[in-house]
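First the structure, in the form of structure tokens, and then the observations on it.
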């Protein structure tokens, strides 16, 4: 099992390129099930989750070709596709649930394994299933599998109790061939949802309102193949922004989608960072000492839960007291124990983490528990005294393409050790 070895103390200086967004690629790959392709997806990052989804599509009978060292995918879903997603693949990646909507929409049936538990909290799929039932589908849970059948889905009005990104995406995918209009109320507004809607429109779908709380989908009879460029990964970009700010760095982040990062930008500027848009990207210059800021995670456009752990790492060295409130997931403070092993002063009270900045943190052996927790430990290692060893980095590889190479190009003393 690989691990990262980090010697802290170096400023991050230079230029770094942001990869395509994993959370935008996966819905586009799922959308390819709607047509007998080839559907083309470009700017694809080389990540473990992408490989898992490719395996899933191939298992169902899709043709998946990789070109340009994996940066381009061409996906065809023939009529012979077997509409089933097996447990052994779904259990490794919850986003596999995204095949449910397009399978039911095109093939009239689907058998998809329940995703199971999640280390950062419950992410139930009941909202997906209730939406499909409102569209006229028969839904059952049999032997750990979601079994859905529908002669033809019908347009319906669906209102979510809480915004759900994969739920919004799944029901958009389901509704493109439905009979009549489907309206999704309290829809997720994330940029990845907008990117999926724009891709489906390019393929011939009739969708309006993406990026707002109400999305309307008018059913169509057919779609056509198209080419889609994946939007930049806002979380990867945000992670580099925090890394530059907390190391007193001076970093130009290329393909940084600053318009998708307004809540993070506001907090980084309040903490003392200077953020400037330039023709080639976004320049982030850190200042010292870091000023403490309070953070409360919210659905987009609020502060992203996927940046909470990284900001907590930054606040461990801030001057003063920070209160970080996690409103999205109920169990997303598992990185706290590992940060405390490095000397951080953090107290958890329910959904609140009270972070008292300390003068120094020390390198230590730490263990990643989830994707963004991994990133927070890497960032902490960049400013720690001595050596930090981050193990279980397979979590990190799910969402960051060669992060050690990118940070190393900026001057970080970081290397991957293979076991």
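Please treat every number below as a calculation from the coordinates, not as lab data. A quick note: this is a predicted structure, and the numbers were derived from the prediction, not measured. FYI the Cβ positions are ideal-geometry reconstructions off the backbone, even for glycines, and counts take in every protein chain you see.
Relative to a virtual label point 7 Å from the Cα of residue 345 in the Cα→beta-carbon direction, which members of segment 289-311 show backbone nitrogen distances below 14 Å?
Residues 292 fall inside that zone.
Report, in whole Å, the centroid distance computed from the Cα atoms of segment 3-39 and segment 345-419.
Taking the Cα centre of segment 345-419 as reference, the centre of segment 3-39 is 18 Å away.
Run lengths n ≥ 4 of DSSP H only: what is the helix-derived mean residue ellipticity at 222 nm for the chain, with -39500 (n - 2.57) per run over all residues, to the nearest 500? Don't skip to the end; give the middle numbers.
Numbers: 14 runs with 128 residues, N = 419.
Counting only the DSSP helices, I get -8500 deg cm²/dmol.
In what sequence, highest mean first, do 5-18, 381-394 appear when ranked by Cβ atoms within 10 angstrom? It would help to have the intermediate numbers written out before the result.
Values: 5-18: 18.7, 381-394: 20.7.
Taking the mean over residues of other Cβ atoms within 10 Å, the ranking is 381-394, 5-18.
Under a 10 Å cutoff between Cα atoms, tell me which one of 98, 47, 57 has the largest fluctuation in the Gaussian network model of the chain.
Its mean-square fluctuation being the largest, the pick is 47.
For segment 59-118 and segment 213-230, what is the centre-to-centre distance using only Cα atoms, to the nearest Å?
Cα centroid of segment 59-118 versus Cα centroid of segment 213-230: 18 Å apart.
What FRET efficiency do you get for residue 222 and residue 327 if R0 is 51 Å and r is their Cβ-Cβ distance, rounded to the nearest 0.05?
0.80
For Rg and Dmax of the Cα atoms in Å, several values are listed as (1) 26.2, 98; (2) 21.5, 64; (3) 20.4, 64; flag the one computed from this structure.
(2)
In terms of the Cα gyration tensor, with a ≥ b ≥ c the square roots of its eigenvalues, is segment 22-229 rounded because a/c is under 1.5, prolate because a/b exceeds b/c, or oblate? Before the final figure, lay out each step's value.
Working: a/c = 1.31, a/b = 1.14, b/c = 1.14.
The shape class here is rounded.
Say a paramagnetic label sat at a point 7 Å from the Cα of residue 13, along Cα to Cβ; which residues of segment 232-267 have their backbone N under 11 Å from it?
Inside the label zone: 249-251.
With the contact rule set at Cα under 8 Å and sequence spacing of 6 or more, what percent relative contact order holds for the chain? Before the final figure, lay out the partial values.
On the way: 1026 pairs, mean separation 89.4, N = 419.
Relative contact order comes out at 21 percent.
So for segment 182-341, averaging the separation of alpha carbon pairs under 8 Å that are six or more residues apart and normalising by length, what relative contact order in percent results? All intermediate terms of the calculation are to be shown ahead of the outcome.
Details: 257 pairs, mean separation 27.4, N = 160.
With pairs under 8 Å counted, the relative contact order is 17 percent.
Give the percent of DSSP beta bridges with both residues in the chain that are antiparallel, rounded to the nearest 5. Kindly include the intermediate steps, with their values, before the conclusion.
Values: 57 of 80 bridges.
The antiparallel fraction comes to roughly 70 percent.
Compute the Cα gyration tensor for segment 289-416, then decide on rounded, prolate or oblate, letting a ≥ b ≥ c be the square roots of its eigenvalues: rounded whenever a/c is under 1.5, prolate when a/b is larger than b/c in the other cases, and oblate in all that remain. List each step's numbers first, then the result.
Working: a/c = 1.64, a/b = 1.24, b/c = 1.32.
Note, shape of segment 289-416 comes out oblate.
With a cut-off of 8 Å between alpha carbons and a minimum separation of six or more residues, what is the relative contact order of segment 22-229 in percent? Numbers along the way, then the final one.
Numbers: 452 pairs, mean separation 41.5, N = 208.
Answer for segment 22-229 is 20 percent.
What do you get for the angle between helix 371-383 and the principal long axis of the chain? Use alpha-carbon atoms, 0 to 90 degrees, nearest ten.
That works out to roughly 20 degrees.
Return one number: the angle in degrees, 0 to 90 and rounded to the nearest 10, between the long axis of the Cα atoms of helix 234-246 and the longest principal axis of the Cα atoms of the chain.
On a 0 to 90 degree scale, this one is about 0.
Please build a GNM for the chain, connecting alpha carbons under 10 Å apart, and tell me which residue among 31, 174, 95 fluctuates the most.
Maximum fluctuation in the GNM of the chain, among the listed residues, is at 95.
Compute the angle between helix 165-175 and the longest alpha-carbon principal axis of the chain, please, reported from 0 to 90 degrees and rounded to the nearest 10.
Rounded to the nearest ten degrees, it is 20.
Could you tell me how far the Cα centroid of segment 145-163 sits from the Cα centroid of segment 258-285, in Å?
When both Cα centres are located, 39 Å separates them.
Along Cα→Cβ, 7 Å out, is where each label goes; now give me the distance between the ones at residue 138 and residue 72 in nm to one decimal.
Between residue 138 and residue 72, the simple spin-label model gives 4.4 nm.
What nm distance separates the two modelled labels at residue 360 and residue 206, each placed 7 Å from Cα along Cα→Cβ?
A separation of 6.8 nm, rounded to one decimal place.
For the pair residue 88 and residue 161, what calculated FRET efficiency results from E = 1/(1 + (r/R0)^6), where r is the Cβ-Cβ distance and R0 = 25 Å, to the nearest 0.05?
The pair residue 161/residue 88 has a calculated efficiency of 0.20.
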